[in-house]
Amino acid sequence: MQFFYEEGVLTAKLAGEIDHHSAREIRELIDDHSRRKKPYCLRLDFTNVPFMDSSGIGLILGRVRLLQLWRGRVVLCGLSGNLNKMVELSGVSGVAAIERRAG
Amino acid sequence: MKPINKLEIKFPSNSVNEGFARAAVSAFLSQLDPTLGELTDLKTAVSEAVTNAIVHGYKEELGPVYITVKIFEGGKVTVRVRDKGCGIPDIPKAMEPLYTTGGEERAGLGFAVMQSFCDSVRVTSKVGKGVSVTLCKHFESRV
């Protein structure tokens, strides 16, 4: 997983399948970076995530709660296929914005 | 009805096996020449059921998780995920969306995902004896 920080926006480029097993390490890394930078916006980039179960939704909701501590928000991007379906089913779009690529 | 093919696997409830479980089911079903969408839907449901067994069935201890996949004539597939853990005292309650006993990092969506990604989900349980979840999904023939 890679992190990029620019002008208050922290982007976490996630990689690999997200399930209950992998979510723990991902969560720890994101929280560590987020607590240090306190970004007003945390972008979770799912472009390189080929599979995600509902553990991914728990991961997103937990980060929304963390960012709320300093009034930050979470943006999801790079969602495709199965991930879109999961995000729609969960209604997580009510608490995190979804960035769609133009075109 | 007798299945035309069958897979049985058993593994300990280590969370690292979640990925193995859904990959094994997915590999077995490749003989049906499924679409990626159908396969991913079932993989997701399997991942939810196996995670439930690991997180809720056995909690802090380890125990066996059993998966039986059956393929029937016409593309009907059933996947049964079974554990010998603590069981579910109130199944309708456990199946309510957003209900979770798993703490704040769990979304409480496991059964909702299984239900919307499969044709049907059957859950049986005895407290102290374990849980059996049977996922059923029809795969369209592409031949």
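The values are calculated or read from the model by the stated rules, or taken from the named source; none is laboratory data. This one's a predicted model, so the numbers in the text were calculated from it and none came from an experiment. When we count neighbours, we look across all protein chains shown, and the Cβ atoms used for this are built from the backbone with ideal geometry, even at glycine. Calculation scope for accessible area: heavy atoms of the full protein, side chains included, ligands and nucleic acids excluded. Shrake-Rupley method; radii C 1.70, N 1.55, O 1.52, S 1.80 Å.
I'd like to know if the stretch A:86-93 contains one or more residues that are open to solvent by 10 Å² or more (accessible area, probe 1.4 Å), touching a strand residue (DSSP E or B) at 6+ places or on another chain (Cβ under 9 Å) and closer than 14 Å to residue B:107 by Cβ.
Within the stretch A:86-93, one or more residues are open to solvent by 10 Å² or more (accessible area, probe 1.4 Å), touching a strand residue (DSSP E or B) at 6+ places or on another chain (Cβ under 9 Å) and closer than 14 Å to residue B:107 by Cβ.
Could you tell me whether any residue of the stretch B:119-127 is open to solvent by 50 Å² or more (accessible area, probe 1.4 Å), outside any strand (DSSP E or B) and hydrophobic (A, V, I, L, M, F, W, C)?
Within the stretch B:119-127, one or more residues are open to solvent by 50 Å² or more (accessible area, probe 1.4 Å), outside any strand (DSSP E or B) and hydrophobic (A, V, I, L, M, F, W, C).
Please determine whether any residue of the stretch A:20-31 is in a loop (DSSP other than H, G, I, E, B), more than 30 Å from residue B:26 (Cα to Cα), under 13 Å from the mean Cα position of the chain (by Cα) and touching a residue at least 24 places away in the same chain (Cβ under 8 Å).
Within the stretch A:20-31, not a single residue is in a loop (DSSP other than H, G, I, E, B), more than 30 Å from residue B:26 (Cα to Cα), under 13 Å from the mean Cα position of the chain (by Cα) and touching a residue at least 24 places away in the same chain (Cβ under 8 Å).
Scan the stretch A:22-36 and tell me whether some residue there is open to solvent by less than 10 Å² (accessible area, probe 1.4 Å), touching a strand residue (DSSP E or B) at 6+ places or on another chain (Cβ under 8 Å), among the hydrophobic types (A, V, I, L, M, F, W, C) and away from every other protein chain (no Cβ under 11 Å).
yes
Just to be sure, is residue B:44 touching a residue at least 60 places away in the same chain (Cβ under 8 Å), open to solvent by less than 10 Å² (accessible area, probe 1.4 Å) and hydroxyl-bearing (Ser, Thr, Tyr)?
yes
Can you tell me how many residues in the stretch B:58-114 are open to solvent by 90 Å² or more (accessible area, probe 1.4 Å), at pLDDT below 95 and under 22 Å from residue B:139 (Cβ atoms)?
Residues that pass the stated criteria total 1.
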